[in-house]
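Visitor: Take a look at the following structure, please.
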Amino acid sequence: MNQLQIAVAKGDGIGPEIMDAVIQIFNAAKVPLDYNFIEMGKTYYEAGHSSGMTDTAKQAVEELGILFKGPMETPKGKGVKSINVTARKTWSTFANRRHFKSLNGVDTVFSKAGIPIDITIIRENIEGTYGGVEHMISPDVALCRRFISRPGSMQVHRFAFEMAKKEGFTKVTCAHKANIMKMTDGLFLETFYEVAKEYPEIQANDIIVDDLAMKLVAYPQQFQIVVLTNLQGDIMSDLCAGLVGGLGFAPSANIGEHISIFEAVHGTAPDITGKNLANPTALLLSGLMMLRYLGLMEHANTIENALLYTLEQGAHTGDFGDRSTTSLSTQAFTQTIINHLGKVPSTNAARESKVLSNFVKPVAPSDQKMMLGKHGQGAEKLVGMDLFIETEQLAHELASTIQSILPPSLKLINIANRGTQVWPVGSKFTECVDQYTVRIEAINGTTSMSELLACSQTLSSTLNLSSIEFLKYFDNKAGYTLAQGQ
Ligand code: NAI
């Protein structure tokens, strides 16, 4: 056995049906891979494995470096983290590459209008709101912290530009909301242009994410590669799936330095589980991304040609295609693709990948903690703090309470409610909840941690503190935003 071995998790719901279908196709096309079927998914979660997989499964993925997986159900209920998201994050698969291409035989509004679509979304896969750092800071108010890091952003931008360079794309677009989220999306955008400088041959531009949503629907042919933060990338990629015929045609690869995971974008489809109705195409296309990643170009091209030929012939499962012709079952559709191995499509151009990758299994990291390189530098200065306070007092009452307690070296700058300034000036139309953000700064422009902590402790004897955020300058630049209206 000297073939490359990969870990395979069939998943939940329709997972086993579509994974079996894809492996049948791979076997028929003599794909030189050995499959190590691992124990991962809802059943293993319910059996007490909090990460959704057994230790043996985890070890297999970490040794083999490649996981091909079916969709997995996230058990419902508070406090339960998604097995899929946990796997992507734990194994640092920082770039989620999702490819959306019109296929002849899959009718959409755009295919009928003769507008071809070929868009790749590169979604940052680890940070952003998917950090899942959320707290109830009062019974009525929840707060989510959104991490965007310089090294994390640079890693995903570099992946997008490298992909463009290797695969012959001419343009990379960064979509963001930096006009509103100046620190987080601002950093994502800043690092995009920093990395873009290393690739002068590739056109780099940016777009505000809401404009992207409109333009993807109106002019999808304008886009080649779009790189986005985690949640925005997730939403925009489902939009793109809709453009090319739905989730049945949306493959994805989660790429990391050491471990990569290949899976369809869709979920476990509980409504059609066990009925032999599922469309295996998205998982098959994800498998083709994996074969190309592993350098198995010929096998990928042969299978893709058979799939495209099958679609051209009008064969379809129940979720797409000509409703006046009979829908095939998962098994019959799979067998049709197998029967077409060796055929070449006439109208669908098979994607000839230009990547001549020679897959070399990455060496596992040492036991030391892995720290991404530090890029930001410069002097740090502590200037104050934002205190989150739960109270039903009116803003001016709260201001008086705080001012009566503050030491002379600190001053109350402003009070905001849900991000909108309500003191020293505000609008009588601003509706408030019982959570205020109180900004306190040093009179002379700099303070110490002990002074701020001592002040918080004093305030906490009178007020109900929910959280503290320290205000810092980095290289003479404020590392915090102003409240709206400040
Ligand atoms: P879903 O993607 O499973 O289903 C949405 C709709 O699309 C359903 O009507 C379903 O029948 C249809 N559909 C999806 N894949 C299909 C296929 N291959 N062929 C034909 N029809 C297909 O999304 P939903 O219902 O929101 O999630 C169900 C479960 O899947 C949840 O537990 C969710 O957490 C999990 N999930 C897992 C993912 C993963 O493993 N990467 C991704 C998304 C959801």
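The values are calculated or read from the model by the stated rules, or taken from the named source; none is laboratory data. Values in this document were obtained by computation on a predicted structure and should not be read as measured data. Methodologically, a virtual Cβ is constructed for each residue, glycine included, from the backbone with ideal geometry; neighbour enumeration extends over all protein chains shown. Accessible surface is based on the protein model in full, side chains and every heavy atom, while ligands, DNA and RNA are left aside. Shrake-Rupley method; radii C 1.70, N 1.55, O 1.52, S 1.80 Å.
Visitor: Under a 5 Å amide H to amide H cut-off, with H placed in plane at 1.01 Å, what residues pair with PHE147 once short-range neighbours are removed?
Guide: Here GLY128, GLY131 satisfy the definition.
Visitor: Counting only protein heavy atoms, what percent of the accessible surface of the range 372-424 is carbon or sulfur at a 1.4 Å probe?
Guide: Exposed carbon and sulfur together represent 51 percent of the surface.
Visitor: Nearest 10 degrees is fine. How inclined is helix 330-339 to the longest principal axis of the chain, computing both from alpha carbons?
Guide: Once rounded, the angle reads 50 degrees.
Visitor: In Å, what Rg and Dmax follow from the Cα atoms of the range 237-346?
Guide: Looking at the range 237-346, its Cα Rg and Dmax stand at 14.3, 47 Å.
Visitor: Tally the DSSP beta bridges in the chain and give the antiparallel ones as a percent, rounded to 5.
Guide: Percent antiparallel among DSSP bridges in the chain is about 65.
Visitor: Taking the Cα centre of the chain as the origin and placing charges on Cβ (Lys, Arg +1; Asp, Glu -1), which of GLY11, GLN221, SER92 is farthest toward the positive end of the dipole?
Guide: Projecting each Cα onto the dipole axis, the largest value belongs to GLN221.
Visitor: Right, another one. Magnitude of the Cβ-charge dipole of the chain, K/R +1 and D/E -1, about the Cα centre, nearest 20 debye?
Guide: I would put it at about 640 debye.
Visitor: So who's got an amide H within less than 5 Å of the one on VAL227, skipping anything under 5 residues away but keeping other chains? H placed 1.01 Å off N, in plane.
Guide: HN-HN under 5 Å from VAL227: ILE122, THR173, CYS174, ALA175.
Visitor: Could you work out how far helix 449-460 tilts from the main Cα principal axis of the chain, as a 0 to 90 degree angle to the nearest 10?
Guide: 80
Visitor: Additional query: Distance check, please: which entries in LYS69/LYS343; LYS42/LYS69; LYS177/LYS215; LYS42/LYS81; LYS182/LYS411 exceed 23 angstrom between their Cα atoms?
Guide: Cα-Cα > 23 Å for LYS69/LYS343; LYS182/LYS411; rest within.
Visitor: Ignoring solvent entirely, what values of log10 I(q)/I(0) come out of the Debye formula for the chain at 0.07, 0.08 Å⁻¹ when each Cα is a single scatterer?
Guide: Once normalised to I(0) and log-transformed, intensities are -0.46, -0.58.
Visitor: Rolling a 1.4 Å sphere over the protein heavy atoms, what is the accessible area per residue of the chain, to the nearest Å²?
Guide: 47
Visitor: Okay, moving on. If I compute solvent accessible area with a 1.4 Å probe over the protein chains, what percent of it on the range 102-222 is carbon and sulfur?
Guide: C and S fraction of accessible area: 58 percent.
Visitor: Skipping prolines and chain starts, which residues have an amide H placed within reach, meaning under 5 Å, of the one on ASN414, given they are 5 or more residues away or on another chain?
Guide: Amide H neighbours of ASN414, under 5 Å, 5+ apart: ARG439.
Visitor: Using θ = phi - 60° and the Karplus curve 6.51 cos²θ - 1.76 cosθ + 1.60, what whole-Hz ³J(HN,Hα) does each residue of the range 311-316 get, with Gly and Pro shown as x?
Guide: 5, 4, 6, x, 5, 7
Visitor: Oh, and also: Tabulate in residue order the Karplus-calculated ³J(HN,Hα) for the range 173-183, using 6.51 cos²θ - 1.76 cosθ + 1.60 with θ = phi - 60°, rounded to whole Hz; enter x for Gly and Pro.
Guide: Once θ is set to phi - 60°, the couplings for the range 173-183 become 10, 9, 9, 6, 10, 5, 5, 9, 9, 5, 7 Hz.
Visitor: Which whole-angstrom value gives the distance between the alpha carbon centres of the range 205-278 and the range 76-136?
Guide: Here the answer is 5 Å between Cα centres.
Visitor: When the helices in the chain are scored as -39500 (n - 2.57) per DSSP H run of 4 or longer and the sum is shared across all residues, what 222 nm value do you end up with, to the nearest 500 deg cm²/dmol?
Guide: -10000 deg cm²/dmol
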